[in-house]
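The values are calculated or read from the model by the stated rules, or taken from the named source; none is laboratory data. Because the structure is a prediction, the values reported are computed rather than measured. Note that we place each Cβ from the backbone using ideal geometry, even for glycine, and neighbour counts take in every protein chain shown. With ligands, DNA and RNA removed, areas are computed over all heavy atoms of the protein, side chains included. Shrake-Rupley method; radii C 1.70, N 1.55, O 1.52, S 1.80 Å.
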Amino acid sequence: MTTPSSDQVRRVALVTLGCARNEVDSEELAGRLEADGWLLVDDAAEADAVVVNTCGFVEQAKKDSVDTLLEAADLKGTARPQAVVAVGCLAERYGDQLAESLPEADAVLGFDDYADIGERLRRIVQGEPHVPHAPRDRRLLLPVTPVERTAASVSLPGHAQVEEPDLPEGVAPASGPRVVRRRLGDGPSSPLKLASGCDRRCAFCAIPSFRGSFVSRRPSDVIDEARWLASQGVRELVLVSENSTSYGKDLGDLRLLETLLPELAAIDGIDWVRVSYLQPAETRPTLLQAIASTPGVVPYFDLSFQHASPTVLRRMRRFGGTESFLELLASARALVPAAGARSNVIVGFPGETEEDVEELERFLVAARLDAVGVFGYSDEDGTEAATYDGKVDDDVVRSRVERITALVEELTSQRAEDRIGEQVQVLVEAVGDGAVEGRSAHQAPEVDGLTFLEDGDVALADLQVGDLVDAVVVASDGVDLVARAVRVDRR
């Protein structure tokens, strides 16, 4: 690897939107850029290039991505920024269409550009035009049979490995063939990618078309990266993918996650392992047992129900319904009564009736979930549901979103109140101005609320970010908890 001289050093700022999977992809880009001689900066106004890792999931996320790109473009002509570049899901999904409709962005890069991201940015900053890719269905780049995919050569953000022996300090992991990754934050929790893509064909979802078919990372790669994250001060690993319950099917072992979890939890320095993105139809009893009983794996079930009416679910190309979903939750709680459970639901799907909404309400009341994301349906380009008849009027969709959101807020507040008196373990994430906040084991980063600590047997003044604190819940406020600190486990 050649190291550029000081007068050639360029500065780059990475702005990340969307989900935890995008966070991992941004940290891969950061590692690649730093290894290629770029200097990472936090302030976009101090960068030569501003790279916006966009989200292309739903309409609001697309709008937020475009707005962020426009804000970054407004900085051009000031002290430093010379180029604004779109990467990520929106960029991959729309390619040349996005470039044409958003001339304020100097370039739109797809996933296939990630391996040479440093050189791509250098040319763009120097004013060379970049020809954006034409969108294509990335599912067609991989074999239909999952076990044949490991030999395919396809760009998969978060999977690619290099053989460089002299990467800068802090680029992960430390030796051997490895994924290049540079942490962009310093908190005690970090996402860790299990896989990319999805083989399911949910009628409302466009993600498989631009993320591709399901591909698992090798267990050894996941473990090596987990060890590196632990060496960087991470105490909680959040395992992410489009569908974690499918992990290992393309490697010949559908129960591979059950054997991987104990290995991750045994890594020195790792105290919590959290599994995200479980598909109810694929959540087998052995996986429930592994999550519930493996020391160090938090009893947390992130189950993608999406609805509860069997009629709506079949139109969505999904399975299950109220009774089977409640049975699944009961199975998890039979193993760990205080287990955390969250989900997302979509209202206003084409053909949804008042009776379907009432069925969803019945399920939510009985499910006693800790957190629920409520989304109003909107047509997504290229999806089957976009062609459906029976579209629900926009004002009705909005009304149903408000109705289900109000119910969810009441139910999750009740669920949090039910936890008063529980003993919880809290991972401290912020300390300042006499306040200490973190998350209990049933709360995932950024989506499930917080736990605020009070003085107890342990004084707040003695706590630090990264501490694990045993505490007793004494109050609640919405989905947030207030807990009295009892004991601290400091690394």
>> Restricting to the stretch 288-301, and then to whatever is assigned to a loop (DSSP other than H, G, I, E, B) and within 22 Å of the chain's Cα centre (by Cα), can you tell me which residue is surrounded by the fewest Cβ atoms within 10 Å (Cβ to Cβ)?
In response: GLY296
> Residues of the stretch 160-193 being modelled with pLDDT of 85 or more, surrounded by 15 or more Cβ atoms within 10 Å (Cβ to Cβ) and over 24 Å from ILE207 (Cβ atoms), which ones?
Replying inline: ARG182, ARG183, GLY187, PRO188
> Within the stretch 56-72, is there a residue that is modelled with pLDDT of 90 or more and over 28 Å from PHE375 (Cβ atoms)?
Replying inline: no
> So ALA73 clears everything in (1) under 22 Å from the mean Cα position of the chain (by Cα); (2) crowded, with 19+ Cβ neighbours inside 10 Å except one condition, right? Which one?
Replying inline: (1)
> Regarding ARG122, is this residue of a type outside the set (Asp, Glu), modelled with pLDDT of 75 or more and either assigned to a loop (DSSP other than H, G, I, E, B) or within 29 Å of ASP224 (Cα to Cα) (or both)?
Replying inline: no
> Got a sec? Which of PRO280, PRO285 is over 24 Å from ALA226 (Cα atoms) and either surrounded by fewer than 18 Cβ atoms within 10 Å (Cβ to Cβ) or charged (D, E, K, R) (or both)?
Replying inline: PRO285
> Out of ARG235, ARG218, which single residue is of a type in the set (Lys, Arg), at pLDDT 95 or above, more than 28 Å from LYS62 (Cα to Cα) and more than 16 Å from the chain's Cα centre (by Cα)?
Replying inline: ARG235
> What is the residue count in the stretch 218-237 for residues that are open to solvent by less than 10 Å² (accessible area, probe 1.4 Å) and within 23 Å of LEU251 (Cα to Cα)?
Replying inline: 4
>> If I filter the stretch 446-467 down to residues being closer than 22 Å to ASP302 by Cα and open to solvent by less than 40 Å² (accessible area, probe 1.4 Å), which single residue comes out as modelled with the highest pLDDT?
In response: THR451
>> Cβ contacts < 6 Å: first residue of a type in the set (Val, Ile, Thr), restricted to the stretch 130-148; second residue surrounded by 18 or more Cβ atoms within 10 Å (Cβ to Cβ), any location; separation 6+ or different chain. Result?
In response: VAL147/ASP250
> If you go through the stretch 206-249, how many residues are part of a helix (DSSP H, G or I) and closer than 30 Å to ARG136 by Cα?
Replying inline: 12
> For the stretch 76-112, what are the residues that are in contact with a Pro (Cβ under 6 Å, 6 or more places away or on another chain), open to solvent by less than 10 Å² (accessible area, probe 1.4 Å) and at negative phi?
Replying inline: VAL108, PHE111
> Which members of the stretch 468-480 meet the condition of being open to solvent by less than 50 Å² (accessible area, probe 1.4 Å) and either within 17 Å of SER189 (Cβ to Cβ) or acidic (Asp, Glu) (or both)?
Replying inline: LEU468, VAL469, ASP470, ASP480
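This table checks each residue for (1) more than 23 Å from the chain's Cα centre (by Cα); (2) more than 17 Å from CYS19 (Cβ to Cβ); (3) assigned to a helix (DSSP H, G or I).
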{"position": "VAL66", "(1), (2), (3)": "no, yes, yes"}
{"position": "ALA105", "(1), (2), (3)": "yes, yes, no"}
{"position": "ASP113", "(1), (2), (3)": "no, yes, yes"}
{"position": "LEU140", "(1), (2), (3)": "yes, yes, yes"}
> Out of all the residues in the stretch 302-345, which are buried (at least 21 other Cβ atoms within 10 Å of the Cβ), part of a loop (DSSP other than H, G, I, E, B) and aliphatic (A, V, I, L, M)?
Replying inline: ALA308, MET316
> Any chance the stretch 125-132 includes a residue that's of a type outside the set (Ser, Thr, Tyr) and not in a loop (DSSP other than H, G, I, E, B)?
Replying inline: yes
> How about the stretch 113-159: which of its residues are open to solvent by less than 40 Å² (accessible area, probe 1.4 Å) and at positive phi?
Replying inline: GLY158
>> For the stretch 388-441, give me each residue that is surrounded by fewer than 18 Cβ atoms within 10 Å (Cβ to Cβ), of a type in the set (D, E, K, R) and in contact (Cβ under 8 Å) with a residue 60 or more places away in the chain.
In response: GLU409, GLU422
> Restricting the stretch 19-50 to residues that are touching a residue at least 60 places away in the same chain (Cβ under 8 Å), acidic (Asp, Glu) and open to solvent by 10 Å² or more (accessible area, probe 1.4 Å), which is nearest to SER241 (Cα to Cα)?
Replying inline: GLU23
> From the list GLY248, GLY197, which residue is more than 25 Å from ALA339 (Cβ to Cβ) and touching a helix residue (DSSP H, G or I) at 6+ places or on another chain (Cβ under 8 Å)?
Replying inline: GLY197
